[in-house]
Amino acid sequence: MAIIAVQYEYDATKLDALAAHRPAHRAHLKELHEAGILLASGPLGSNGALIVVVAEDPEAALTVLGNDPLLGAGVIESRLARTWNPVIGPWK
């Protein structure tokens with residue numbers, strides 16, 4: 001398993017939908033955290049998020065996040081997943 005950093009960029013024209021679906025999005029991420037898949041998540045700048053998960057590879061990480069309510073609502077404009085190899089910190 002690898003640590004994968006997934007960056008979301010939100011569609012700036014759908015901020016109302018973002019706000020409406022945020023509670024379901026966070027509940028989904030909480031379930032992933034409780035299952036040991038999600039390590040951390042939070043806003044990244046004013047129009048995105050960073051989600052750190054454990055998965056086989058970047059493609060698998062995107063699959064794991066495929067049920068995110070924000071994705072289903074069309075709020076996420078782009079998702080970029082990359083393997084991350086921390087050398088300092090709790091996940092090294």
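The table below gives the values:
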item	result
Within the chain, helix-based [θ] at 222 nm, where runs of 4 or more DSSP H residues each add -39,500 (n - 2.57), nearest 500	-10000 deg cm²/dmol
Cut-off under 5 Å, modelled amide H: who pairs with L44 long-range	A49, L50
The chain: angle of helix 15-34 to the longest principal axis, Cα-based, in degrees nearest 10	30 degrees
Nearest-20 debye value, region 2-84 charge dipole, Cβ charges on Lys, Arg, Asp, Glu	220 debye
Span per principal axis, largest first, for the Cα atoms of the chain (Å)	38, 23, 22
Convex hull per residue volume in Å³, alpha carbons only, for region 33-85	92 Å³
Calculated from backbone phi, Karplus (6.51, -1.76, 1.60) coupling profile of region 77-88 in Hz, x at Gly/Pro	7, 8, 9, 10, 10, 9, 5, 10, 10, x, 10, 9
Scattering profile of region 4-49 at q = 0.13, 0.17, 0.33 Å⁻¹ [log10 I(q)/I(0), Debye over alpha-carbon scatterers]	-0.31, -0.53, -1.24
Inter-site label distance for T83 and A60 at 7 Å from Cα along Cβ, in nm	1.1 nm
Note, ³J(HN,Hα) from phi for region 50-61, Karplus 6.51, -1.76, 1.60, rounded to Hz, x at Gly and Pro	10, 10, 10, 10, 9, 7, 5, 6, x, 5, 5, 4
Inter-site label distance for L50 and E34 at 7 Å from Cα along Cβ, in nm	2.7 nm
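We did not get these values from a lab; they are worked out from the coordinates using the rules stated. Given the structure is predicted, the values throughout are model-derived calculations rather than measurements. When we count neighbours, we look across all protein chains shown, and the Cβ atoms used for this are built from the backbone with ideal geometry, even at glycine.
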